[in-house]
Amino acid sequence: MDDPTPHPTLDLALDPAPAIDAPEAAEALAVSPPAAATYSVSEVNAVIRNALRAALPGEVWVTGEIQSYKVSGAGHAYFQLVEKAPRAERVVSCLDVVLFRDERAAVDRALQEVGLRLGADVGVRVRGRIDHYAKSGRLQLRMIGIDPVFTVGGMAEQRQRLLRALHADGLLRANAGRSLVAVPLRVALVASRDSAGYHDFVHELEVSGYAWRVACCDVRVQGDGAAKRLVWGLREVARRAASFDVAVVIRGGGSRSDLAPFDAEAVARAIAAFPVPVVTGIGHETDRSVADEVAHTACKTPTACAQELVGRVGGFVARLDTVSTAVVARARGRSDLARRELAEHTSRVGRGAPAAAQRAHVRVGHDARRVGELARHRLRDGERSLAEQRRRAATSAPRGMRAVATALDGFAARVRALDPARVLERGYSITRDDQGRALTTVAMLEPGGALHTELAGGGITSRIETLTAVGVVATAASAGATDTADTAPPVPDAEEGG
């Protein structure tokens with residue numbers, strides 16, 4: 001309840017205190033404080049409230065964006081009305097707002113008529129009274145009404161302004177230019193797992209029977225900070241874009257204000273710059289957000305979004321079946337044609353084989369006769385040539401035999417002359433060492449060595465005691481030698497003797 005009792009104005013300008021010498025400090029502190037106005041907490045709050053009412057009498061209209069919207073168990077709504085810097089998300093001012101249950105029902109009815117609902121991130125123009133709540137010392141606006149037209153118009157104007165900016169930056173159809181694969185089975189889903197839209201989407205994929213691989217980035221797409229969470233989810237998926245064929249952003253039905261995060265500029269730019277095609281399924285069939293405008297493909301609902309993907313895969317399978325059927329049919333046609341051609345060739349061969357065999361038999365008989373005649377001619381020629389060779393051999397053989405005999409006699413005489421036994425018979429000998437080497441010079445001998453001398457009719461073995469060579473005498477170290485070696489004359493050349 002407001003306190004009707006008037007209160008004096010609180011003056012915070014105080015006179016400066018007089019200077020106090022140090023010796024007099026203790027005494028001065030014991031003196032009672034000067035007579036000055038002292039207020040209780042309630043009185044200060046009452047002064048602030050009365051000052052506000054004097055400055056802002058009656059009801060006022062305030063514009064801003066709703067943040068931190070929540071409803072108490074008693075049905076009262078509490079939120080902040082914030083003002084942001086132009087083209088930025090930075091809050092420059094805020095005001096607490098309370099909407100009691102009775103006034104909230106009227107406000108909700110007014111918003112429902114234009115398809116809106118109070119919620120976070122919604123720009124509004126509200127009517128109320130500035131109040132200072134003494135119990136918490138908080139300044140707040142007690143809301144009692146709203147201007148739905150302002151909200152609808154503001155949202156539409158902001159939407160158009162954002163679309164023009166995206167078009168100017170070349171982002172409005174950027175994602176639509178990306179190529180969507182024919183079989184997009186690897187799906188990145190940005191949605192709330194607890195939402196009905198998520199379950200509708202996943203169910204539609206499951207009943208199709210195709211081998212989907214769905215990875216869900218679970219984000220709340222409603223309430224305070226929904227736009228920021230959407231941007232975060234898109235960026236997380238973009239980091240793994242190589243693992244997906246398509247990204248899907250869905251949200252079930254709701255009011256225009258519930259879908260406001262999908263009109264946020266940050267969300268639109270994140271979708272436009274996404275590295276793979278983005279398919280959206282947001283709201284009801286009549287809803288169209290900025291996110292839908294920049295996406296590769298925009299579907300009416302989450303279920304329609306799943307049907308779009310299923311239809312794309314199904315279309316590929318149908319085309320594959322058509323091609324397979326055509327290939328099989330063509331292969332069968334070619335096989336039937338080849339079978340007929342083979343049967344025709346077989347028939348021709350069957351009909352022509354006897355005649356061909358008869359012709360071959362005639363050719364073989366003719367060739368056999370020619371071969372026989374040639375063989376007889378060659379045989380007669382060979383017999384005549386052989387007889388001539390015999391005649392020539394009989395005439396020239398005696399002369400050849402006499403010449404050969406004379407040559408052989410000469411060779412025998414030379415062999416006998418070179419026979420070592422004949423050389424030995426003429427008084428020569430051959431001396432060898434223990435290794436069987438024929439000795440030709442004294443340098444090959446050593447005192448004490450054994451000598452083996454071959455003569456005509458036998459041989460002699462002796463041991464060297466003394467070696468004589470050009471005035472040098474070498475005596476054997478061993479005195480046990482019994483024979484003196486005679487120096488053998490050299491072996492005559494092959495032409496000597498004979």
Exercise. Mind listing the long-range amide H neighbours of residue 84? Cut-off is under 5 Å, sequence gap 5 or more, other chains count too, H placed in the peptide plane at 1.01 Å from N.
Key: 92
Practice problem: Sort out for me the Cα centre separation of the stretch 172-211 from the stretch 121-135, rounded to whole Å. | Solution: 42
Quiz prompt | Cβ-placed point charges (K, R +1; D, E -1), dipole of the stretch 142-189 about Cα centre in debye, nearest 20 | solution = 180
Exercise. Ratio to report: Rg/Rh of the chain, with Cα atoms as the point set and Rh obtained by the Kirkwood method; give two decimals.
Key: 1.73
Practice problem: For the stretch 199-247, report the convex hull volume of the alpha-carbon atoms normalised per residue, in Å³, without decimals. | Solution: 76
Self-check item: Folded to 0 to 90 degrees: helix 41-55 orientation relative to the chain principal axis, Cα
Solution: 90
Self-check item: Inter-centroid distance (Cα atoms) of the stretch 93-116 relative to the stretch 301-329, Å
Solution: 48
Quiz item: So what are the ³J(HN,Hα) numbers for the stretch 175-184, from phi and the Karplus equation (6.51, -1.76, 1.60; θ = phi - 60°), rounded to whole Hz, Gly and Pro as x?
Solution: 6, 5, x, 7, 7, 8, 5, 5, 10, x
Practice problem: Could you tell me which of rounded, prolate or oblate describes the stretch 159-258, using a ≥ b ≥ c as the square roots of the eigenvalues of the alpha-carbon gyration tensor, with rounded for a/c under 1.5 and, failing that, prolate when a/b is larger than b/c and oblate otherwise? | Solution: oblate
Self-check item: Neighbour-count ranking [beta-carbon atoms within 10 angstrom, fewest first] of 69, 210
Solution: 210, 69
Exercise. Would you mind counting up the charge near residue 346? Only other residues with Cβ under 14 Å from its Cβ, with Lys and Arg at +1 and Asp and Glu at -1.
Key: +2
Quiz item: Which angle from 0 to 90°, rounded to the nearest 10, does the C-alpha axis of helix 302-417 make with the longest principal axis of the chain?
Solution: 10
Exercise. Using the Karplus curve 6.51 cos²θ - 1.76 cosθ + 1.60 with θ = phi - 60°, work out ³J(HN,Hα) for each residue of the stretch 244-256 in order, rounded to whole Hz, and write x for Gly and Pro.
Key: 10, 8, 7, 10, 10, 10, 10, 7, x, x, x, 6, 4
Self-check item: Student exercise, the chain dipole from Lys, Arg, Asp, Glu Cβ charges, in Debye to nearest 20
Solution: 4520
Exercise. Name the cysteines of the chain that stand alone by the Cβ rule: no other cysteine Cβ under 4.7 angstrom.
Key: 94, 216, 217
Quiz item: Farthest toward the dipole's positive end in the chain, which of 182, 365, 296, given Cβ charges of +1 (Lys, Arg) and -1 (Asp, Glu) about the Cα centre?
Solution: 365
Quiz item: How far, in degrees from 0 to 90, does helix 196-208 lean away from the longest principal axis of the Cα atoms of the chain, to the nearest 10?
Solution: 30
Exercise. Grab the DSSP H runs of the chain that are 4 residues or longer, score each as -39,500 (n - 2.57), total them, divide by all residues and round the 222 nm result to the nearest 500 deg cm²/dmol.
Key: -15000 deg cm²/dmol
Practice problem: Name the residues whose placed amide hydrogens come within less than 5 Å of the amide hydrogen of residue 299, ignoring near sequence neighbours (fewer than 5 apart) on the same chain. | Solution: 280, 281, 282
Exercise. Please list, in chain and number order, the residues 5+ apart from residue 122 or on another chain whose amide H is under 5 Å from its amide H, with Hs placed from the backbone.
Key: 66
Quiz item: Ordered by residue, what ³J(HN,Hα) values in Hz, to whole numbers, does the stretch 452-467 give under the Karplus form 6.51 cos²θ - 1.76 cosθ + 1.60, where θ = phi - 60° and Gly and Pro are x?
Solution: 10, 10, 9, 10, 5, x, x, x, 10, 10, 9, 10, 7, 9, 9, 10
Practice problem: When you have a sec, figure out the Kirkwood radius of the stretch 58-146 from all distinct Cα pair distances and drop it here in Å to one decimal? | Solution: 13.4
Exercise. Any lysines with Cα under 17 Å of the residue 84 Cα? List them, leaving off those in the same chain fewer than 8 positions away.
Key: 228
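Since every read-out is calculated from the coordinates, none of them should be taken as a lab result. For clarity, every value in this text was computed on a predicted model and none was experimentally measured. So basically every Cβ, Gly included, is an ideal-geometry build from the backbone, and we count neighbours across all protein chains shown.
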